[in-house]
Ligand SMILES: [Zn+2]
């Protein structure tokens, strides 16, 4: 679609690159920024820049953080021998909201997907194995999503860790099959964690 001044078109084009934003939504967002106080649009743009420049990955769990290590990994009150493996940073928030989990996390930033070029290396599995040794981790709870890719990833990790002195468990199916951990409510998440079962491979 043409006809906007260049600067508007640029904002529309950039919004359209975001997930879930179509042409109409992109236009609506751009115009709503123009209709509000202009300082708010500048603030938003500053906040996005700040985030893009200053947020990196935690050296231990691979979650987003400002420093080298995230708040959770730096928290001395947490159980360092219990790890929960999740696909995305937002899954950490869902589990934290449930309020009961006191271990650490490991973020894969995806699930095993050869077609997308996501293999064990991209998911950081060697790093996870090193952590398990270094911290003498006693249990790994795999909380990948209950869909085909998430289940395949869970089994793959369990296979890799087989024979190591660490218990590998999978969260219970309180999360609907095909669902997403990041959207689970507190009660469902709590039940899924409490009802976790050990993965036993032949
Ligand atoms: Zn961390």
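The values are calculated or read from the model by the stated rules, or taken from the named source; none is laboratory data. Fair warning: this is a prediction, and the values are worked out from it, not measured in the lab. For neighbour counting, all protein chains shown are included, and Cβ atoms are generated from backbone atoms with ideal geometry for every residue, glycine included.
Points worth noting:
- In summary, residue 2 fulfils each of the numbered conditions (1) at pLDDT 95 or above; (2) out of contact with any helix residue (DSSP H, G or I) (no Cβ under 6 Å at 6 or more places or on another chain) with the single exception of condition (1).
- Residues of segment 132-151 that are surrounded by 14 or more Cβ atoms within 10 Å (Cβ to Cβ) and in contact (Cβ under 8 Å) with a residue 40 or more places away in the chain: 132, 135, 137, 138, 139, 140, 141, 142, 143, 144, 145, 150.
- Segment 128-152, residues that are farther than 13 Å from residue 81 by Cα and touching a strand residue (DSSP E or B) at 6+ places or on another chain (Cβ under 8 Å): 142, 143, 144, 149
- The condition of being over 21 Å from residue 181 (Cα atoms) and in contact with a strand residue (DSSP E or B) (Cβ under 8 Å, 6 or more places away or on another chain) holds for residue 81.
- For segment 160-181, the criterion of a residue being touching a helix residue (DSSP H, G or I) at 6+ places or on another chain (Cβ under 7 Å), within 14 Å of residue 61 (Cβ to Cβ) and assigned by TED's automatic domain parsing to the domain that holds residue 194 is satisfied by no position.
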